[in-house]
Amino acid sequence: MLFRSVVFDLVVPTVDRRSDLVVALGPGVIPGRLRSARSRLTSEDPRPVGAAIVELASRLDARIILTSFRGERDRHYSRELMDVLGPRAEIAPHDPDALRRAVAGARAVVTSRYHAAVLALAGGVPTVVRSNETKLVELVDQTADDRRIVTASDWDAVARWCPGHLDEGFVPGSVDRAREAIATVVLAAARRPN
């Protein structure tokens, strides 16, 4: 059985666009090599993060859906955010299909997670990235379309962000090439005699 990747299995479900603000945030890793990545995890104070998300959601008249693309570490941060966000927010189930549906049906996405950004791009959902991770910075640069995806330098910029409306999705060239490479390998393996 093949592992179903949330990103490279880019069958973005067709769902009605709702007024949800999908939030995919979690701890990042501080650069360094002397300690394991797990011991270098850091997360931002949930109070200013939550305040920015509440302000953005209020302007969009949106319900807040917290997602966990990186498992327990994201779920833990989502629970911390819930204390700040209150009843307007809920935590989505940690399930690849539920994550795809949440992102595909969103009005907008706020993320520090690569997979959430790629799914939002593929589904035509405006996205603001709050991360300086190389892969996300390069994704924003490669897309080069401020209507689709932007980087925010701080939480005030997230709160002020004005997402537009998009009619179609976009698959970055690097993701498309990776998906083709995986399909080629899978087909070759399927043709190989046992």
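The values are calculated or read from the model by the stated rules, or taken from the named source; none is laboratory data. Because the structure is predicted, anything quoted here is derived from the model rather than measured. Cβ: placed from backbone, ideal geometry, glycine included. Neighbour counts: every protein chain shown. Heads up: the accessible areas ignore ligands, DNA and RNA and are worked out on the full protein's heavy atoms, side chains in. Shrake-Rupley method; radii C 1.70, N 1.55, O 1.52, S 1.80 Å.
Restricting attention to region 1-42 and to residues that are small (Gly, Ala, Ser) and at pLDDT 65 or above, the residue that is least open to solvent (accessible area, probe 1.4 Å) turns out to be Ala24. Just to be sure before I move on: is Val150 aliphatic (A, V, I, L, M), within 17 Å of the chain's Cα centre (by Cα) and at pLDDT 90 or above in the structure I sent? In short, yes.
Here is a yes/no grid of residues against (1) open to solvent by 40 Å² or more (accessible area, probe 1.4 Å); (2) at pLDDT 95 or above; (3) aliphatic (A, V, I, L, M):
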position	(1), (2), (3)
Asp83	yes, no, no
Ala108	no, yes, yes
Gly123	no, no, no
Asn132	yes, no, no
Asp156	yes, yes, no
Gly169	no, no, no
Pro172	no, no, no
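Screening the candidates Arg75, Arg47, Arg88 for the property of being open to solvent by 50 Å² or more (accessible area, probe 1.4 Å), touching a strand residue (DSSP E or B) at 6+ places or on another chain (Cβ under 9 Å) and modelled with pLDDT of 90 or more yields one hit, Arg75. At least 2 residues being closer than 15 Å to Phe170 by Cβ and among the small types (Gly, Ala, Ser) is the threshold, and among the helices (runs of 4 or more DSSP H) wholly inside region 38-147 those reaching it are 114-123.
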